[in-house]
Amino acid sequence: FFPRKLKWSHTNITYRILNYTPDLKKSEVDRAFRKAFKVWSDVTPLNFTRIRNGTADIMISFGRKEHGDFYPFDGPSGLLAHAFPPGPNFGGDAHFDEDELWSTDSKGYNLFLVAAHEFGHSLGLEHSRDPGALMFPIYTYTGNKGLLLPDDDVQGIQILYGAGDHDPHPDHPKTPEKCDANLTLDAITELRGEMVIFKDRFFWRLHPQMVEADLVQIKSFWPEIPSKIDAAYEHPTNDHVLLFRGKKVWALNAYDIVEGYPKKIYELGFPRSVKGVDAAVHIKDTGKTLFFAGEKYWSYDEQNQVMEKGYPRYIEEDFPGIGHRVDAAYEKNGYIYFFNGPLQFEFNIWSERIMRVLTTTSIFWC
Amino acid sequence: LPISISDEDDSDEFTREKFELAERYLKRHYNLQSNPAGIQRKAGDTVTSKLREMQAFFGLEVTGKLNEETYELMQQPRCGVPDIGEYN
């Protein structure tokens with residue numbers, strides 16, 4: 001919050017769009033702002049009404065460099081926009097840097113996402129420390145299939161204005177905490193020497209020389225990839241990371257999706273009855289990739305690009321003690337680390353037995 | 001520049017340009033005040049405290065020194081919500 005928890009004293013709030021960016025059609029700008037206000041009206045009793053003349057509570061404009069409020073913008077990138085907290089005159093007003101390229105997708109800065117953030121300020125929210133929150137001060141593209149307002153933002157705005165009557169999407173995503181004792185993981189892979197650990201719409205980057213893991217939103221790296229991953233592995237010889245979600249698989253080369261992807265998992269040789277993959281791990285010494293789905297697993301020969309004969313086999317038979325299912329897995333120094341709920345199992349590939357049982361969070365040094 | 005660059009490794013690693021960017025960033029987002037000429041050592045300490053504040057906010061290692069990680073974050077696109085104290 002701003003000092004003294006500044007907020008509007010009324011719930012019917014007006015806004016006026018003073019000018020438009022040439023980057024988008026007027027109708028696209030109107031829609032972006034309307035959607036951005038709806039993000040907040042869905043979770044509060046606030047109503048937003050557009051006016052076309054006179055002074056509105058929230059005056060919206062595009063400008064570049066010094067644009068009339070003595071808080072100049074700085075040219076392309078850097079500062080994208082700013083907004084004043086509730087109050088008279090400039091209070092509530094939102095300004096967008098015309099030197100940015102504004103877009104309705106991920107090609108430029110997504111106007112809807114930036115506007116939703118700025119209107120948070122216009123209503124009385126300051127910046128959040130939660131990297132998953134809309135009010136986190138660094139721009140992150142989160143996809144254009146509508147924004148599910150994160151829980152941190154909902155809690156903030158409802159402290160100021162209370163809850164609304166009809167929240168159409170009551171499941172507000174929480175940002176995972178790496179040292180949560182109940183933490184479970186979606187997928188793990190290596191990526192050019194770093195560990196990439198997927199959980200919901202985020203992944204942690206864990207560099208071998210860093211103790212602290214960085215939390216990043218999947219969409220900010222790969223806008224076209226779904227915001228939840230089932231399984232992942234790195235094929236280091238061709239510098240590809242493969243990500244699985246449902247029946248689809250994507251191959252990534254750094255930020256780019258490899259041509260020809262996404263593919264259906266059946267193209268790898270899975271039977272049609274398999275609806276998705278729970279975990280994948282590439283064994284460097286053998287060149288084989290193991291895929292875990294339900295209680296069974298498959299072995300894929302990367303060199304010949306075929307599923308090996310004799311599979312699927314039961315996980316329990318070949319990896320006794322790790323449980324019937326696997327959430328995520330990775331290989332390191334001859335060990336496979338299997339994650340199952342809040343536990344991880346260190347499995348020696350050659351002696352075929354569990355060496356250690358660890359907590360899932362120990363991957364983060366918790 | 002009114003920023004602490006007393007350690008040799010710091011001055012080797014960062015150019016004057018990078019320090020200027022850091023100072024602009026802290027002035028804009030952390031209300032770093034410009035100090036009159038002649039008290040640069042004190043100003044340097046202020047930069048250190050603002051750097052600490054910024055590093056703590058973003059969950060970086062709090063060193064009070066400009067390092068690569070902090071500088072990288074300063075370069076990312078962000079929101080510039082005007083400071084309410086000044087507005088009032």
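Throughout, read-outs are computed from the coordinates displayed, never taken from laboratory work. Nothing here was measured: the structure is a model prediction, and the numbers come from that model. Glycine also receives a Cβ, built like all others from the backbone with ideal geometry; neighbour counts cover every protein chain displayed.
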Next item on the list: Once you have all Cα-Cα distances for the range A:123-274, histogram them in 5 Å bins from zero and send the whole-percent values.
Entry: 2, 8, 15, 19, 18, 15, 11, 6, 4, 2, 1
Next item on the list: Can you list which of the chymotrypsin sites (Phe, Trp or Tyr not before Pro) found in the range A:304-345 are DSSP loop residues with at most 13 other C-beta atoms within 10 Å?
Entry: none
Next item on the list: Could you pull out the trypsin sites (Lys or Arg not before Pro) across the range A:185-235 that fall in loop regions by DSSP (anything but H, G, I, E, B) with no more than 12 other Cβ atoms inside 10 Å?
Entry: A:R192
Checklist line | Calculated from backbone phi, Karplus (6.51, -1.76, 1.60) coupling profile of the range A:282-297 in Hz, x at Gly/Pro | finding: 9, 9, 5, 5, 9, x, 9, 10, 9, 10, 10, 9, x, 8, 10, 9
Margin query: Looking at the calculated P(r) for the range A:131-190, what percent of the C-alpha pair distances fall above 18 Å?
Written below: 50
Margin query: Can you work out the Karplus-derived ³J(HN,Hα) for every residue in the range A:349-366? Use 6.51 cos²θ - 1.76 cosθ + 1.60 with θ = phi - 60°, whole Hz, and x for glycine or proline.
Written below: 5, 7, 8, 6, 8, 6, 9, 8, 10, 10, 7, 4, 5, 5, 5, 9, 6, 6
Margin query: Counting only other residues whose beta carbon sits under 9 Å from that of A:C366, what net charge do I get with K and R as +1, D and E as -1?
Written below: 0
Next item on the list: Pull out the extension gain between A:K263 and A:N348, defined as 0.36 nm times the separation in residues minus the alpha carbon to alpha carbon distance; nm, one decimal.
Entry: 27.4 nm
Item checked: Pair A:E316, A:D167: separation of 7 Å Cα→Cβ label points (nm) -> 4.0
Margin query: I'd like the orientation of helix A:151-161 relative to chain A: the angle between its Cα long axis and the longest Cα principal axis, in ° from 0 to 90, rounded to 10.
Written below: 20
Next item on the list: Give the calculated FRET efficiency between A:K284 and A:K174 to the nearest 0.05, with a Förster radius of 41 Å applied to their Cβ-Cβ distance.
Entry: 0.70
Check: When chain A is treated as a GNM, springs tying every alpha-carbon pair under 10 Å, which of A:W222, A:W350, A:W250 comes out with the largest mean-square fluctuation?
Finding: A:W350
